[in-house]
Amino acid sequence: MTLPIARTRDEARLFLDLTPCACGSTDAEWKHGTGLVDGELASRYYATCADCGAERRHSFGLPPTETAGDFPNFGGREPSQLLDPGSWLQLADELASRLPPDDPQASADALTLAAAAVAEVIKFIPPGENAVPEEAFWTEDGRRVHAAEPGRFRQDRLQIVLDTYRREAVTPEGPGIALG
């Protein structure tokens, strides 16, 4: 069994935060360690669901080299094996649509994270292509997001969104865009 690679700890934690327990809760205090899984060195996460008490476990393969950097640091040039491009764009949409109007720093932080999520979508575009290919979507949510508006996964549109989020995240007076 080959484990999906978590390129960085930030990516693993985001995946865990987005993956609910069987009861539907995402509330858990994750503990981290390393160990062997089917003879393969793995990054292992353990938690107890805060709502139902179920034990939760996830294991991820280790990348050949981990990408260092400040949060949010989801990985190097290669696309994610944990979240598909539709899931990344859905995350960016959710973050950008819920900017707190009275907290410029929280808004800037949300836009920084949204920009990082859009940058992850762009990594799924093969060299020489201008859009994320349909076969890159492997989750139900990701396929749904793509099917709703496939044009949003074009390189030019993604770059405009990425540039806008990055610019607005660093505006001294706080975000000046109305999204959602």
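The values are calculated or read from the model by the stated rules, or taken from the named source; none is laboratory data. What you see is a predicted model, and the numbers here were worked out from it, not measured in a lab. Here the Cβ is made from the backbone with ideal geometry for all residues, glycine too, and neighbour counts use every protein chain on show. For the accessible areas, the whole protein counts, side chains as well, though only heavy atoms, and no ligand, DNA or RNA atoms are used. Shrake-Rupley method; radii C 1.70, N 1.55, O 1.52, S 1.80 Å.
Looking across the range 121-149 at every residue that is part of a helix (DSSP H, G or I) and open to solvent by 70 Å² or more (accessible area, probe 1.4 Å), the one that is farthest from Glu94 (Cα to Cα) is identified as Glu135.
When Tyr45 is tested against (1) touching a Phe, Trp or Tyr at 6+ places or on another chain (Cβ under 7 Å); (2) under 19 Å from Ile122 (Cβ atoms), exactly one condition is not met: (2). Look through Ser43, Ser25 and report the one residue that is modelled with pLDDT of 90 or more and within 16 Å of Ile5 (Cβ to Cβ). After ruling out the rest, the residue left standing is Ser43.
Each residue in the range 119-140 was checked for being closer than 20 Å to Phe74 by Cα, out of contact with any strand residue (DSSP E or B) (no Cβ under 9 Å at 6 or more places or on another chain) and touching a residue at least 12 places away in the same chain (Cβ under 8 Å), and 10 of them qualify. If you filter the range 5-27 down to residues that are in a loop (DSSP other than H, G, I, E, B) and of a type outside the set (A, V, I, L, M, F, W, C), you find that the one that is surrounded by the most Cβ atoms within 10 Å (Cβ to Cβ) is Arg7.
Looking at the range 73-83, can you tell me whether even one residue there is of a type in the set (Asp, Glu), part of a loop (DSSP other than H, G, I, E, B), surrounded by fewer than 16 Cβ atoms within 10 Å (Cβ to Cβ) and touching a residue at least 12 places away in the same chain (Cβ under 8 Å)?
Scanning the range 73-83, I find at least one residue that is of a type in the set (Asp, Glu), part of a loop (DSSP other than H, G, I, E, B), surrounded by fewer than 16 Cβ atoms within 10 Å (Cβ to Cβ) and touching a residue at least 12 places away in the same chain (Cβ under 8 Å), so the answer is yes.
One residue stands out in the range 84-110 among those that are open to solvent by 70 Å² or more (accessible area, probe 1.4 Å) and more than 19 Å from Arg166 (Cβ to Cβ): the one that is farthest from the chain's Cα centre (by Cα), namely Asp102.
How many residues does the range 28-40 hold that are within 21 Å of Thr2 (Cβ to Cβ) and either open to solvent by 80 Å² or more (accessible area, probe 1.4 Å) or of a type outside the set (Asp, Glu) (or both)? Full working, then the answer.
If we filter the range 28-40 for residues that are within 21 Å of Thr2 (Cβ to Cβ), which is where we start, we get 32-40.
The next check asks that each one be either open to solvent by 80 Å² or more (accessible area, probe 1.4 Å) or of a type outside the set (Asp, Glu) (or both); those that pass are 32-39.
Summing the residues that are within 21 Å of Thr2 (Cβ to Cβ) and either open to solvent by 80 Å² or more (accessible area, probe 1.4 Å) or of a type outside the set (Asp, Glu) (or both) in the range 28-40 gives 8.
Looking at Thr67, Thr48 in this structure, which one is open to solvent by less than 80 Å² (accessible area, probe 1.4 Å), of a type in the set (Val, Ile, Thr) and assigned to a loop (DSSP other than H, G, I, E, B)? Break it down into steps so the answer makes sense when it comes.
On the way: Thr48 fails: assigned to a loop (DSSP other than H, G, I, E, B).
Every option except Thr67 fails the conditions.
Applying the criterion of being in contact (Cβ under 8 Å) with a residue 12 or more places away in the chain and either aliphatic (A, V, I, L, M) or in a helix (DSSP H, G or I) (or both) to the residues of the range 28-42, the residue that is nearest to Glu120 (Cα to Cα) is Ala42.
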